[in-house]
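The values are calculated or read from the model by the stated rules, or taken from the named source; none is laboratory data. Given the structure is predicted, the values throughout are model-derived calculations rather than measurements. Reconstructed Cβ throughout: ideal geometry from the backbone, glycine too, with neighbour counts over all protein chains shown. The area values use the complete protein model at the heavy-atom level, side chains included, leaving out ligands, DNA and RNA. Shrake-Rupley method; radii C 1.70, N 1.55, O 1.52, S 1.80 Å.
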Amino acid sequence: MKKLLVVLIIILLFFVSFVVLGSNQYTWKKQNRKTIELYKQEKFTEAAKLGEQVLMLSEKIFGSNHENVAVSLNNLGEIYRAQGQYTKAEPLFKRALKIEEKLFGRIHSKVGKYMYNLAMLYYQQKRYSLAELYYRQALEIYENVFGTENVHPAVAEMVSSMAKIYQVQKKNSQAEQFYRRALQLKKKLHGENHPDIARLLNNLATMYYDQGKGFKAEDLFKQALELNKKLALNAAAAVNLNNLGALYYSKGFYHMAEPLFNQALEMDRKNLGDDHPNIARDLANLGALYFTRNKYKEAESYYRQALAIDEKHLGAEHPRVAADLNELGKLYYHQKKYNLAESLYQRALQIRKKTLDPKHPDISNTLSSLANLYFNKAKDASLEMEPFSPSLMIAQLQNSQASFIRAETLFKQALDILEQSVGEAQGTVINNLNYLMVFYEEQGKFSEAESIYNRMLKGYEETYGKNHPNVVGLLVNMADFYKKFGKFNNAESIYKRCLRINESAYGSNHVEVGISKDVLAQFYHERGEAQKAERFYKEALQILEKTLGMEHPQVSIVLENMVGFYKDQGRYGEAEPLYRRAVKIYITMLGAEHYYMATAFDNMAEICKEIGKKKEARQFRKRAKKIRKKNRSQSL
């Protein structure tokens, strides 16, 4: 009887423990689902708090090396990543990967998935070499698991990711190769009309855009936009509109960028409401556009709206919030509101140091912004010194000198960070060099600025080779630098080198070659070497007309440059037909009533007057006056 009772108690205890375990497992599943729902709703703070509880619960129920623990770790890592808390996310992803490798071995699709997540984190941190390593390993796993002959979605997606990581590292030939392969795989899987095709076209366009191949990028952005509209994918179409707008913005075609940015904002508001992170992106783009056009009041409004949305959805210490703060700081800096700008820069720097790798280019960017602020603040203060108060002048001089030293220190810190990431932050390197060059130029320190340029050029040449198109951007800046200091022979030699590099890389009838010839023509124009200037202008125009068409915006830029050249020569008869063509392109791009057309018609009137067409000159003046009157009434 006693033995039977003991057996019954053991059975009962086992049953109770099984019921408790089942109840705990149900609780974990329920709470895990709720965490995922909060994440999808972008309620990241709530999701993180619950995700931490779910992780502790999973460890308590399943032990430290169970698959459900790996799931909990991965989910919490994803939440931290969305919040920009990259240093908290990394150990979670690593631990989840280690558990999966222990459970399933290295060659398993689940291991590939967790490697992919870790690679995504490193990509967002701009730790590109690590990201490439994990992307490549994940691709190898998927190809081993699913094979290379049969097309599998996971393989196609990983090939696309490899293209992206090569792109950001300026490994352009590998990037293009993988983008083409990804397109081929996706078309086999889905056909020509699928969202993934539009996404890859957009990504390939961004690669060409990053390479300075704006015209290839333009065509692909338009293809992606057309496909997304056809598929009624409004959120993706808004991305394409923003990218196409950014392309035109970078070329200085602000009149073409503005309607695209507004269309993107309108489309996102219609589909997402007024308070979505995508709206913040749209607002920031418009803020940048109005900032560039010196419409500071409108820019501030858009920047502040973007900041408020990002703070609400992402938290006050997210890297995107830091980016918003930095841009708003630049706006105040340009208005000489130095104290406001400094406080925003400092807050952005604090966030970036807390959330990013110490050698991240964004930290360098904020350091440069602060350095530029201290430099110009000190310069302005030195111009406003009270000449009748020697003691005050001495104090002001000391303060100014301290600010100059502080600025130089920050510039060097920023440049030191960037020199360690050449190829990952090329554009930022050039911007910081320009800041530092201006700093030394103002103080007459030509040799210091020149040595920095030469040091950076050496780094670029070691990374890409002496005759790689990626070196051209830095070389153009160096040529401009020499030109500013009156070193015209040096400048001419470098401009010519840029042309040779582009001709070697692209052939003699390429857009980039046409642009290089236009740059050389402007140089000779400024130097008064009319014969050389005219020759290069004509060659540039011929190339761009052939490659882009007769009515492309880039063609209008060369036409306008040539008109300026002929006007300076007093050759108004030759300027007239060229400017008529430019005006025709402007009307096609902008419409005849656009505010810029007032300036264009005034210029046309001036040319007509000089060649004796006084009646037509008066007509152009009237059209310009009418447009200005209309725009004034609309702005009231």
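Of everything in the stretch 298-324 that's over 18 Å from residue 279 (Cβ atoms) and over 16 Å from the mean Cα position of the chain (by Cα), which residue is least open to solvent (accessible area, probe 1.4 Å)? Step by step, filter the stretch 298-324, then rank; the result is 316. Among the residues of this structure, residue 86 does not count as one that is within 18 Å of residue 163 (Cα to Cα) and open to solvent by less than 40 Å² (accessible area, probe 1.4 Å). Filtering 245, 252 for residues that are in a loop (DSSP other than H, G, I, E, B) and open to solvent by less than 40 Å² (accessible area, probe 1.4 Å) leaves a single hit, 252. Here residue 444 fulfils each of the conditions (1) among the small types (Gly, Ala, Ser); (2) out of contact with any Leu (no Cβ under 6 Å at 6 or more places or on another chain); (3) assigned to a helix (DSSP H, G or I) apart from (3).
Scanning the stretch 56-74 for residues that are open to solvent by 70 Å² or more (accessible area, probe 1.4 Å) and either outside any helix (DSSP H, G or I) or among the polar types (S, T, N, Q) (or both) gives a single hit, 65. Residue-level check: of (1) in a loop (DSSP other than H, G, I, E, B); (2) closer than 20 Å to residue 161 by Cβ; (3) not acidic (Asp, Glu), residue 205 misses just (1). For the stretch 215-231, a residue qualifies if it is without any contact (Cβ under 8 Å) to a residue 40 or more places away in the chain and under 18 Å from the mean Cα position of the chain (by Cα), and the qualifying residues are 216, 217, 218, 220, 221.
Screening residue 475 against (1) modelled with pLDDT of 80 or more; (2) of a type outside the set (Phe, Trp, Tyr); (3) open to solvent by 20 Å² or more (accessible area, probe 1.4 Å) leaves a single unmet condition, (3). Would you confirm whether any residue within the stretch 611-620 is open to solvent by less than 30 Å² (accessible area, probe 1.4 Å) and of a type in the set (Val, Ile, Thr)? No, the stretch 611-620 contains no residue that is open to solvent by less than 30 Å² (accessible area, probe 1.4 Å) and of a type in the set (Val, Ile, Thr). Counting only residues that are in contact with a His (Cβ under 8 Å, 6 or more places away or on another chain) and surrounded by fewer than 20 Cβ atoms within 10 Å (Cβ to Cβ), the stretch 330-369 holds 0 of them. Count of the stretch 89-129 residues, restricted to those that are in contact with a helix residue (DSSP H, G or I) (Cβ under 8 Å, 6 or more places away or on another chain), open to solvent by 30 Å² or more (accessible area, probe 1.4 Å) and touching a residue at least 60 places away in the same chain (Cβ under 8 Å), is 1.
Looking at the stretch 610-628, which of its residues are touching a helix residue (DSSP H, G or I) at 6+ places or on another chain (Cβ under 6 Å) and either over 15 Å from residue 576 (Cβ atoms) or at pLDDT 95 or above (or both)? Break it down stepwise before answering.
If we filter the stretch 610-628 for residues that are touching a helix residue (DSSP H, G or I) at 6+ places or on another chain (Cβ under 6 Å), which is where we start, we get 610-611, 616-617, 620-621, 623-624, 627-628.
Correct list: 621, 623, 624, 627, 628.
Counted as qualifying within the stretch 481-597 are the helices (runs of 4 or more DSSP H) with 2 or more residues that are under 30 Å from residue 258 (Cα atoms) and open to solvent by 40 Å² or more (accessible area, probe 1.4 Å), namely 511-527, 530-548, 553-568, 572-590.
Within the stretch 564-593, being touching a residue at least 40 places away in the same chain (Cβ under 8 Å) and touching a Phe, Trp or Tyr at 6+ places or on another chain (Cβ under 8 Å) holds for 565, 589, 590.
Note on the stretch 55-93: residues that are more than 16 Å from residue 356 (Cβ to Cβ) and among the charged types (D, E, K, R) amount to 4. Inspection of the stretch 287-302 identifies no residue that is under 17 Å from residue 221 (Cα atoms) and touching a Gly at 6+ places or on another chain (Cβ under 6 Å). Taking the stretch 166-205 as the range and being closer than 14 Å to residue 152 by Cα and surrounded by 22 or more Cβ atoms within 10 Å (Cβ to Cβ) as the test, the residues that pass are 182, 186.
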